[in-house]
Amino acid sequence: MRQSHMLIPTLKENPADAEIKSHQLLVRAGYIRQIASGIYSFLPIGRRVLSKVENIVREEMEKIGAHEMSMPALEPSELWKETGRWTTFGSELMRLNDRHNREFALGATHEEVITSLVRHEVKSYKQLPLTVFQIQNKFRDEARPRFGLLRGREFLMKDAYSFNESYESLDETYNKMFEAYSNVFRRCGLNFRAVIADSGAMGGKDTHEFMVLSEVGEDVIAYSDTSRYAANIEMAPVVATYEKSSATPQTLEKVETPGQKTMKDVAEFLGHDLQEGIKSILFQVDEQFVLALTRGDHEVNDVKLKNLYDADMVELASEEDTKRLLGSGFGSLGPIGVPEEVEVVADHAVEALVNVSCGANEEGYHFKNATPERDFEVKSYADLRFIEEGDPSPDGEGIIKFARGIEVGHVFKLGEFYSERMNATFLNDQGKAKTMIMGSYGIGVSRTLAAIVEQYHDERGITWPKNIAPYQVHLLSLNPKKEEQKELADQLYDTLLDAGIEVLYDDRKERAGVKFADSDLFGVPVRITVGKRAGEGVVEVKERATGDQNELETSEVLEYIK
Ligand code: ATP
Ligand code: MG
Ligand code: MG
Ligand code: MG
């Protein structure tokens, strides 16, 4: 492409509202422009890099037998009412009415739409398993859209949905997805960890988030450097030291008034000594109990958890706060959301506490979502505490470290949540009607792009990995007014294009300094400069990332690039 006629508006200064590198650089280098809060246009080179990520995702999905389709962004409210999410998804769901006053949502996710399609079209076990995906803009009215593409209100997501006849079959699909996700993020050049995640209020058995390690990440993960162990800190294990005496679960009468009693009451009742740094909030959502465990300073959807953390007595959040909290911390690709009515109860506090804060059954360590007594013996609920940095890893290998992470992907075993509510059944090999077993799998495509920039930049601009760069070569003719420079650059441009290389050709009538600065800002991996030695057929080739440079005869250029 010839740069002289392309829309690549570069800026010398960082935009005032851009706090993090990816936001600053993508705007400054002319990749994106904001239209309204959390809503962006992708300019031509921005569209190119987005397509690179998209294509990697597409290839990896197709490799595991998922098929691409497209679902509408306008989703009728009736479907969301079937699952209850019209209410529980809360204010993150963008809603609108048509001229007949019918209600719609702008697609935040598509479990309802795909389930309604599949329940009509798939009838037999012979058609299962089935996995489909789409790559499409999603809409979420985030309470705090920020950090450019990292948290938008309209953003590009790949969402996939699987339908299986059994949980064993779901496990197989899930494992394939897991591998595909690892391949995607590896091909994007990212340093990431797959972490055990929060399966949220309404269950779902397994779920993992893919976290890109980055200081600007909004999540904190615990991981071991010498093993595969990694968990979202929300999910990090609590260490339980059991006593011989047991606290008997009983009805909690002290904590009965919604929104008024304190966590300390719950703790006292449980005989659970709230450790420094762990705070808990208990909610009831439908039949399920949710315990939010927080540590450190957090601000989630405008709810200042810092106050909770600092406070001696932890107030159960107000109803408003509760809703907002639920809407954020507990993921929403799965069957999670903000209920209209949140009742804070503690009747089954003991059960809920252990259900939520304890888990799998390894000596001394328990993870969320395991069932006490079934999965492990409960002796006492006292002395629960979060694992700390420096603790041994729960898998026995290595030492726990904490790091900040950006959630770029999320795989989720949904089970029967949607299929049961929406009556998606199939006939098994005995001719019996069975509920389909589902999974859903998301990748934030535009967020991944920003995460790449967070890991690939220096003080002069972006340093794209080859797989993602908008072009492989940036060709500069330093002074196109000089005939021999223009001629040689034109020639080289044609040669590179003929060889199938993606070239951006800076043929603008700008000063050399401007061209070099822009080139560094864009971050194309190889820069070829046609300058003073054009007459001798010699050009300068420079690697953006390392700064290595060479003078080459034009005849050697192709060989060098390949
Ligand atoms: P977060 O915890 O960051 O709010 P989420 O858990 O709500 O994300 P999911 O429902 O799991 O998001 O959606 C799948 C993927 O979509 C996420 O893993 C993330 O990469 C991406 N994503 C979610 N919300 C946004 C957003 N507001 N802007 C950009 N990407 C997003
Ligand atoms: Mg979210
Ligand atoms: Mg998620
Ligand atoms: Mg999340």
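The values are calculated or read from the model by the stated rules, or taken from the named source; none is laboratory data. All figures in this text were calculated on a predicted structure; none of them were measured in a lab. Note that each Cβ is placed from the backbone with ideal geometry, even for glycine, and that neighbours are counted across all protein chains shown.
Of note:
- Test: residue in the stretch 9-19 that is in contact with a Phe, Trp or Tyr (Cβ under 7 Å, 6 or more places away or on another chain) and either modelled with pLDDT under 95 or surrounded by 15 or more Cβ atoms within 10 Å (Cβ to Cβ) (or both): yes
- Residues of the stretch 405-453 satisfying the condition of being more than 15 Å from ligand 2 (Cβ to nearest atom), closer than 18 Å to Glu179 by Cα and of a type outside the set (A, V, I, L, M): Lys413, Gly439, Tyr441, Thr448
- Some residue of the stretch 405-418 being surrounded by fewer than 18 Cβ atoms within 10 Å (Cβ to Cβ), at pLDDT below 95 and not in a strand (DSSP E or B): yes
- Qualifying residues in the stretch 119-168 (those that are under 29 Å from Ile406 (Cα atoms) and of a type in the set (Gly, Ala, Ser)) - the one surrounded by the fewest Cβ atoms within 10 Å (Cβ to Cβ): Ala143
- Pairs with Cβ under 7 Å, 6+ apart, first in the stretch 70-84 and among the aromatic types (Phe, Trp, Tyr), second surrounded by fewer than 18 Cβ atoms within 10 Å (Cβ to Cβ) and part of a helix (DSSP H, G or I): none
- Apart from one condition, Pro394 fits all of (1) outside any strand (DSSP E or B); (2) more than 16 Å from ligand 2 (Cβ to nearest atom); (3) under 25 Å from Arg153 (Cβ atoms); the exception is (3).
- The listed residue being charged (D, E, K, R) and closer than 30 Å to Ser162 by Cβ, out of Lys63, Lys12: Lys63
Residue-by-condition table, conditions (1) within 16 Å of ligand 3 (Cβ to nearest atom); (2) more than 16 Å from the chain's Cα centre (by Cα); (3) touching a residue at least 40 places away in the same chain (Cβ under 8 Å); (4) under 19 Å from Lys63 (Cα atoms):
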site	(1), (2), (3), (4)
Leu130	no, yes, no, yes
Glu142	yes, no, yes, no
Leu150	yes, no, yes, no
Tyr167	no, yes, yes, no
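- Elements of type strands (runs of 3 or more DSSP E) contained in the stretch 446-562, each with 3 or more residues being crowded, with 16+ Cβ neighbours inside 10 Å: 473-477, 503-506, 526-530, 538-543
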